[in-house]
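Here's the structure, in structure tokens; my notes come after.
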Amino acid sequence: MDTTALQKIADQLIQARRIVVFTGAGMSAESGIATFRDKPDSLWAKFNTREMASPAGWREDKYRVWAWYEGRRGAVLETQPHAGHIAVAQLADTLRSVHGHAVQVDVVTQNVDNLHERAGSSSVIHLHGSLFAPRCAACARPGEFAPGLPDQTLTHLDPPECQHCGGYIRPGVVWFGESMPEKEFRMAEDLVDTCNAMLVIGTSGVVFPAAELPINAHQLGKFVAEINPDRSEVSGYTTVECRAKAAQGLPQLLDMLKNR
Ligand code: APR
């Protein structure tokens, strides 16, 4: 474990009052949720991004796309947040118990799972949408899932019908070729502008504009710390690189803070 780097991060977090926690798929890896690029069995090694994560793919075969996202939702429902998610959720209270000052921790995630929320994080911005926010592809109103747990073995499945207009319900995620939700991205940019420190956890940093956030933070002179077992495309924009896994490094960081 990269204890020296964790110590440097702890030294900085003790002084911070506004912290942004920016996460990618690696944040959920130890909960058993597949990442996209870093392993031979990552999602984009096994599935075609155009078929599964683009408007064209949806138009070509919405039954295949809906089955795939329902399978991913089923996998999230079957797992639990890990100790790293819980450490993020407890960071603000832990710091306040150490120094008595109020601390704001905002999660800005590229992930579409709900593990940060289930771990207790109250401020979570989803830049790439959520598996749990389906909407009508025609009228954009929120949609309803079919009752019961998704069947993760299906390769094709009828999307539900919109109760308002009869259109097809689509996954509430941002596909390649679609823009990120404007409001969420602006909120994230504002949080970066006003934060004292940013943790960048489990992202390869290859997808823009999300990856602009740690780069902007660094260019604004903010303290930026990466927690990732491997280097990433944003490692060069960090103050501290901590080569650790999320479920190991984050609880250890919290313990360091508690023992101040
Ligand atoms: N702890 C921390 N980091 C980890 C762990 C772990 N246990 N396991 C893997 N990682 C790191 C990898 O080293 C890699 O840098 O997580 C990162 C995963 O990278 P990607 O799979 O590219 O995921 P992400 O960066 O979130 O992808 C960004 O791409 O396809 C789009 O919309 C999708 O939001 C996603 C975006």
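FYI, it's all coordinate maths here, none of it is from the lab. Being a predicted model, the structure only gives us computed values, none of them experimental. All Cβ positions, glycine included, derive from the backbone under ideal geometry; neighbour counts span all protein chains shown.
Below, the figures for the structure above:
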{"read-out": "Cα-centre dipole for region 100-208 with unit charges at Cβ (Lys and Arg positive, Asp and Glu negative), debye to 20", "value": "60"}
{"read-out": "Rounded if a/c under 1.5, otherwise prolate or oblate - the chain, Cα gyration tensor axes", "value": "prolate"}
{"read-out": "Cross-link partners of Lys62 among aspartates and glutamates (Cα-Cα below 19 Å; sequence separation of 8 or more within a chain)", "value": "Glu51, Glu70, Glu144, Asp151, Asp158, Glu161, Glu178"}
{"read-out": "Proximal charge balance of Lys258 [Cβ under 14 Å; K/R count +1, D/E count -1]", "value": "0"}
{"read-out": "Whole-angstrom Cα spans of region 112-260 along principal axes, big to small", "value": "55, 29, 27"}
{"read-out": "Environment charge at Val76 (Cβ cut-off 15 Å; Lys +1, Arg +1, Asp -1, Glu -1)", "value": "-3"}
{"read-out": "Radius of gyration and Dmax over the Cα atoms of region 70-168, both given in Å", "value": "17.3, 55"}
{"read-out": "Two-site label geometry, Ser123 and Arg141: point separation in nm, points 7 Å out along Cα→Cβ", "value": "3.3"}
{"read-out": "Paramagnetic label zone (point 7 Å from Cα along Cα-to-C-beta, Val206; backbone N under 17 Å) in region 161-181", "value": "176-177"}
{"read-out": "Cα-projected label distance for His101 with Phe47, points at 7 Å along beta-carbon direction, nm", "value": "4.4"}
{"read-out": "Region 192-233: C-alpha gyration tensor shape, a/c 1.5 cut-off, then a/b vs b/c", "value": "oblate"}
{"read-out": "Solitary cysteines of the chain, where the nearest other Cys Cβ is not under 4.7 Å", "value": "Cys195, Cys242"}
{"read-out": "Extension gain, Arg260 back to Ala83 (0.36 nm per residue minus Cα-Cα distance, nm)", "value": "61.7 nm"}
{"read-out": "Chain lengthening between Gln7 and Asp158 when straightened (0.36 nm per residue, less Cα-Cα)", "value": "49.3 nm"}
{"read-out": "Residue-count net charge about Thr109 - beta-carbon cut-off 12 Å; Lys, Arg +1, Asp, Glu -1", "value": "-4"}
{"read-out": "Cα gyration tensor, region 1-104 - rounded (a/c under 1.5), prolate or oblate", "value": "prolate"}
{"read-out": "Centre separation in Å (Cα based) which lies between region 61-122 and region 131-210", "value": "14"}
